[in-house]
Amino acid sequence: GLTGINKHSTGIKAMNQKSARIIATYFGLGLSKIAPGTMGSLGTLPLAYALIYFGGFWTLMAAAAVLFVLGVRATEAVIEESGDSDPSKVVIDETVGQLLSFSFVAYMAPEYLTGMSSLLYYAAGFIFFRFFDILKMGPVKYADTKIKNAYGVMLDDVFAGIFASIVLLGLLCYMVNV
């Protein structure tokens, strides 16, 4: 009867909430007691390598776009559940930003992001992204402080990732010409 329908719809909502938590915390990395954002960024590096190695720039960008959309939805659900406008356990934003930090190099010179010699560029991309994410200047700060919803949570890291990508490309140009 009617109670069965209500139970079923509650079950679907609970399942969706569980999926939202898995996505928002990037498979639980956001639950780290120590620097959850940093853990989310570190956990993204193998994904970034695999996306660039097997699919290149367009695969990286497609993954970032899909994760952005999923991330907004998952973040909305976690915000609603927790009542916190920017829960620290949400690190899918770091995942998207960290992926974007490799975008310009993946487009211009993907060979520097594959193979053993790529470790320097992944470490630098990680450091540059965390720097801009923590520093929060310009559009990063605007998205973080003025857009008080899931889009703001996601966009500050998108901007930090773009800044990191520009600096990483500059580092590559410098290293290649030294």
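Would it be correct to say that S32 is touching a helix residue (DSSP H, G or I) at 6+ places or on another chain (Cβ under 6 Å) and touching a residue at least 24 places away in the same chain (Cβ under 8 Å)?
On the way: touching a helix residue (DSSP H, G or I) at 6+ places or on another chain (Cβ under 6 Å): yes; touching a residue at least 24 places away in the same chain (Cβ under 8 Å): no.
So S32 fails the test.
Does segment 16-38 contain any residue that is open to solvent by 30 Å² or more (accessible area, probe 1.4 Å), hydrophobic (A, V, I, L, M, F, W, C) and at pLDDT below 95?
Restricting attention to segment 16-38, the residues satisfying the condition of being open to solvent by 30 Å² or more (accessible area, probe 1.4 Å) are 16-19, 21-23, 27, 29, 31-35, 38.
Checking the rest, the ones that are also hydrophobic (A, V, I, L, M, F, W, C) come to 22-23, 27, 29, 31, 34-35.
Restricting the remaining residues to those that are at pLDDT below 95 gives none.
No, segment 16-38 has no match at all.
Can you tell me which residue within segment 70-85, out of those that are in a helix (DSSP H, G or I) and free of Cβ contacts under 8 Å to residues at least 24 places away in the same chain, is least open to solvent (accessible area, probe 1.4 Å)? Don't jump to the end; show me each part of the working.
We begin by selecting, within segment 70-85, every residue in a helix (DSSP H, G or I); these are 70-82.
Within this subset, residues satisfying the condition of being free of Cβ contacts under 8 Å to residues at least 24 places away in the same chain are 80, 82.
Details: E80: 142, S82: 58 Å².
For segment 70-85, the residue satisfying everything is S82.
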Output the residues belonging to segment 128-178 that are open to solvent by 50 Å² or more (accessible area, probe 1.4 Å), part of a helix (DSSP H, G or I) and farther than 22 Å from V105 by Cβ.
K141, Y142, T145, K146, Y151
With respect to I12, is the statement that it is over 15 Å from the mean Cα position of the chain (by Cα) and at pLDDT 95 or above true?
no
Does P46 qualify as being in contact (Cβ under 8 Å) with a residue 12 or more places away in the chain and either open to solvent by less than 20 Å² (accessible area, probe 1.4 Å) or not small (G, A, S) (or both)?
no
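The values are calculated or read from the model by the stated rules, or taken from the named source; none is laboratory data. Quick caveat: nothing in here was measured; it's all calculated off a predicted structure. Glycine gets a Cβ as well: all are built from the backbone with ideal geometry, and neighbour counts include every protein chain shown. Note: accessible area is taken over every heavy atom of the protein model, side chains too, but ligands, DNA and RNA are not part of it. Shrake-Rupley method; radii C 1.70, N 1.55, O 1.52, S 1.80 Å.
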